[in-house]
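Read-outs: derived from the displayed coordinates by stated rules, not from any lab. It should be emphasised that the depicted structure is a prediction, and the values quoted were computed from it without experimental measurement. Methodologically, a virtual Cβ is constructed for each residue, glycine included, from the backbone with ideal geometry; neighbour enumeration extends over all protein chains shown.
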Amino acid sequence: MTPLQEQAASDGDLGTVRRAHVAALDHAALYATGGRYAWSWPDSDAPLDRPLWPLAVQAVELLRSASLDRLRQCGHCRWLFLDTSRNGSRRSCSMAACGSIMKMRRYRAVHRSS
């Protein structure tokens, strides 16, 4: 499986992420926690798109990070995940969710054809 960074994002997709990021920061408050700082969104400010704000901030942080080359898409459920394996060869989001299903299908395919 190839890294997702080889698939260029469209200007429309990047614009959508940028607008969500701007909205998130517009409603965010910066607070200190354990000697570090983090974003917070007050519960009193609860429009329907509030659940997207932390995701938008994290998405922009990921797009700007060195971890982007480890971003993969699960071969079974198509969810995105960060491949933290040593050699970067993970194919599924997790062994519990999709990995065992994919391994079982590969095993059956090999043993069916022989």
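The convex hull around the C-alpha trace of the chain, projected and averaged over every direction, spans 10.6 square nanometres. Compared with the direct C-alpha span, the chain from Val110 to Leu14 gains 30.4 nm at full extension, assuming 0.36 nm per residue.
Inter-label distance, Arg36 to Glu61: 0.7 nm, where each label sits 7 Å from its Cα along the C-beta direction. Sequence-distant contacts, meaning Cα pairs under 8 Å at least 6 residues apart, place the relative contact order of the chain at 22 percent.
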